[in-house]
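A.B. asks: Once you've had a glance at the structure underneath, I'll fire off some questions.
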Amino acid sequence: MSRAVRPTVRVTENARLAIGNTALSGRESLSVRQKVSRNSTLGRARVSAKKLQTIKNALTNRDLAIIAAVKDCRLITTLQLQRLHFTDYKSPQGAARASRRALQRLSDQGIVSRRDRRIGGARRGSTSYVYSLGLVGARLLSEKRLRTYTTDPSDYFFDHTLELTELYTQFHEQAHVGSLQLLEIQTEPDCWRPLARGTLRPDMFVRTAHGDEEYSWFIEVDRATTHLPALLKKMRQYEQYYAAGVEQAAHGVFPQVLWIVSDGKRMAALNKAVSATQSGPGGLFVVKTTEHALAYICKPDTLG
């Protein structure tokens with residue numbers, strides 16, 4: 001990998017906590033202004049500032065970590081949250097019980113919102129639940145008052161977002177066991193970059209360390225539902241952003257763009273398109289299948 005495609009990027013805490021990071025303005029977004037059950041006290045009455053402070057004071061460090069993960073990912077399953085934040089139990093059963101209790105409590109308080117759609121069907125029980133940030137959770141992260149509610153997003157947005165959440169979870173798992181030195185993850189829209197016209201919208205930004213070197217990537221997860229011309233247009237946006245020099249001026253280097261695809265056939269098609277159209281620097285784009293992408297991030301110097 002060329003040094004010309006490795007930056008160091010730091011995101012401020014204010015940017016991470018900005019509520020606008022969750023209420024997105026894009027082709028389709030999932031707002032933090034979620035539905036709250038009509039049977040819930042929180043659904044019937046406004047939560048006062050005093051009550052909000054009482055809720056905040058009672059939150060544990062694990063609660064705060066859960067809220068941050070839900071905000072970062074926008075959609076996240078019970079099992080993914082268990083894998084991220086309930087790793088200190090002797091058995092999976094104990095971790096599962098603790099995660100269910102914590103999420104039920106946070107859901108009852110309106111801090112997280114349980115989505116109508118489930119993963120794998122109702123028979124999978126509580127592990128199939130999907131959560132987003134709730135009304136009270138949004139207020140805990142912002143002084144802005146949220147007045148309206150939204151419905152569930154489309155199936156495509158739902159599935160794509162959960163794929164990114166799985167990647168986010170795997171990165172943290174690898175860091176936990178020492179296989180990856182994870183320095184930073186930016187999720188949407190923290191990882192977006194301004195263009196002269198419009199916005200470059202990666203799915204994720206990741207910065208890691210391997211030995212004495214730092215590596216960084218803009219990540220695009222391709223579900224083989226987007227036509228190649230649309231992907232080529234996205235590649236040209238990356239080339240335009242590279243040519244503008246904004247990232248290099250701020251951080252000295254430019255991230256490599258990692259496209260993660262489902263299978264070898266899609267990988268071959270995308271590689272062919274890259275070879276035929278690339279006008280940016282060599283090594284700007286790399287394509288990996290889902291099964292090899294994580295290994296590439298963990299050991300970028302040892303994999304082609």
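The values are calculated or read from the model by the stated rules, or taken from the named source; none is laboratory data. Keep in mind it's a predicted model, so treat the numbers as computed, not measured. Because the Cβ atoms are built from the backbone with ideal geometry, glycine has one as well, and the counts that use them run over all protein chains shown.
A.B. asks: Would you mind finding the one in ALA102, ALA69 that is within 26 Å of PHE157 (Cα to Cα), modelled with pLDDT of 95 or more and assigned to a helix (DSSP H, G or I)?
C.D. replies: The unique qualifying residue is ALA69.
A.B. asks: Now a separate question. Looking at (1) at negative phi; (2) under 23 Å from the mean Cα position of the chain (by Cα); (3) of a type outside the set (Phe, Trp, Tyr), which one does ALA224 not meet, given that it meets all the others?
C.D. replies: (1)
A.B. asks: What are the pairs, 6+ residues apart or on separate chains, where a residue within the stretch 162-188 that is over 18 Å from SER216 (Cβ atoms) has its Cβ under 8 Å from a residue that is of a type in the set (Ser, Thr, Tyr)?
C.D. replies: Within 8 Å, the pairs are LEU162/THR77; THR165/THR77; HIS176/THR87.
A.B. asks: Suppose the filter is modelled with pLDDT under 90 and buried (at least 17 other Cβ atoms within 10 Å of the Cβ); does ALA138 pass it?
C.D. replies: yes
A.B. asks: Checking GLU239 against (1) in contact (Cβ under 8 Å) with a residue 24 or more places away in the chain; (2) closer than 27 Å to LEU75 by Cα; (3) among the charged types (D, E, K, R): exactly one of these is not met. Which one?
C.D. replies: (2)
A.B. asks: Follow-up question, since we're still on this one. Does the stretch 233-244 include one or more residues that are touching a Pro at 6+ places or on another chain (Cβ under 6 Å) and either of a type outside the set (Lys, Arg) or farther than 28 Å from HIS85 by Cβ (or both)?
C.D. replies: No, the stretch 233-244 has no match at all.
A.B. asks: Picking from ASN39, ASN61, ASN14, which residue would you name as being modelled with pLDDT of 95 or more and surrounded by fewer than 19 Cβ atoms within 10 Å (Cβ to Cβ)?
C.D. replies: ASN61
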